[in-house]
Amino acid sequence: MIVSEIAYKLETKHKIALLISFSTFTFTGVLVILSSLSDSQAEVLPPMALFISSLLVLVAVTIIVSKKSTVIEFVEVTPIKAARVEPKEVFAAIIRNRLFQAVAITYTISIPLMILSRSPQSLPVFLTTLPAFLTAIVARLCREVIIAREGLVVGDTLTRWDKIGKIDFCRNSVVLQNGSGVPIAVLPRTPEIEEILRERVGKQNV
């Protein structure tokens, strides 16, 4: 079975570009929140325009850096087992994820601030983006996962075993995360899959 393996080689200039663009995006977001506390609607427009511009710049920088720092190689893997979980199990796993909880808390704090500041223009965006974000993650993690000797294959992309930072054994599912805590794949929790994962990844990541 031939699949692609993606490796990222970030240079110093790439890290600096990402850091500057993300810092600018965060700073302008704070300006929007502070300006929304004012009674003047005119004071909200300039920081909102800066916020949207910084968001577009951040997306552009991320895409450019990804293209310049991504190396794709085609490797042959030996499949062991294919598995897929139900969407409800993926949904439950995402809700328990700390990164998603942090995003949800941020939204929870921001929405009351918009309402109290009498500047709810952005409220529809906030109310739709989080469900859309969650739906996209669930759809991605519901795909079939092939457990191979070399790692996990999702779609046609290989993630090697040494790139998996942690395995979270839930009641009916197993969540595999990278070193940053981002879910890579969700598998059904069966004795066979649990044995394979413990053997391949190692107890230090369980």
Helix-derived mean residue ellipticity, 222 nm - over the chain, DSSP H n ≥ 4, -39500 (n - 2.57), to 500: -18000 deg cm²/dmol
Segment 169-192 residues near the modelled A82 label - backbone nitrogen below 17 Å, point 7 Å along Cα→Cβ: 186-188
Rounded accessible area of F27 (nearest 10 Å², 1.4 Å probe): 130 Å²
Theoretical gain in end-to-end length, T26 to R143 [0.36 nm per residue, Cα-Cα removed]: 38.9 nm
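Suppose every K and R has +1 on its Cβ and every D and E has -1 on its Cβ; what is the size of the dipole of the chain about the Cα centre, in Debye to the nearest 20? Present the calculation step by step, with values, prior to reporting the outcome.
On the way: 22 positive and 17 negative charges, 44 e Å.
That gives a dipole near 220 debye.
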Accessible area of the chain belonging to carbon and sulfur atoms, whole % at 1.4 Å probe: 64 percent
Unit charges at the beta carbon, dipole of the chain: most positive-side option, A104, I94, S180: S180
Phi to ³J(HN,Hα) by Karplus 6.51 cos²θ - 1.76 cosθ + 1.60 over segment 142-150, Hz, x for Gly, Pro: 7, 5, 5, 10, 9, 7, 10, 4, 8
Cα gyration tensor shape for segment 148-205, rounded if a/c is under 1.5, else prolate or oblate: rounded
Candidate lysines for bridging to K9, where Cα separation is under 23 Å - those fewer than 8 sequence places away on the same chain excluded: K67, K68, K163, K166
S180-A42 FRET efficiency (beta carbon distance; Förster radius 45 Å; 0.05 resolution): 0.65
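What FRET efficiency do you get for I109 and L19 if R0 is 35 Å and r is their Cβ-Cβ distance, rounded to the nearest 0.05?
Efficiency for this residue pair is about 0.90.
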Inter-label distance, nm, simple model (7 Å from Cα along the C-beta direction), E73/S53: 4.3 nm
Dipole magnitude (debye, nearest 20) for segment 1-72, charges at Cβ of Lys, Arg, Asp, Glu: 420 debye
The chain: DSSP helices with Cα axial extent of at least 24 Å and average Kyte-Doolittle hydropathy no lower than 1.0: 12-36, 45-69, 98-116, 123-141
Per residue solvent-accessible surface (Å²) - the chain, probe of 1.4 Å: 61 Å²
Listed candidates (1) 16.9; (2) 19.6; (3) 21.7 - label of the one calculated as Kirkwood radius over Cα pairs in Å: (2)
Contact order relative to length of the chain, as percent, for alpha carbon pairs under 8 angstrom and 6 or more apart: 23 percent
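To the nearest 0.05, what FRET efficiency results for F133 and M1 with a Förster distance of 25 Å applied to their C-beta separation? Could the numbers behind the result be given before it?
Values: r = 32 Å, r/R0 = 1.26.
Taking R0 as 25 Å, the efficiency between F133 and M1 is 0.20.
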Gyration tensor (alpha-carbon) shape descriptor, segment 1-72, a/c threshold 1.5: prolate
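The values are calculated or read from the model by the stated rules, or taken from the named source; none is laboratory data. Bear in mind the structure is a predicted one, so any value in this text is a computation, not a measurement. Counting neighbours? That spans all protein chains shown, and the Cβs are built from the backbone with ideal geometry, glycine included. Ligands, DNA and RNA are excluded from the accessible area calculation, which covers all protein heavy atoms including side chains. Shrake-Rupley method; radii C 1.70, N 1.55, O 1.52, S 1.80 Å.
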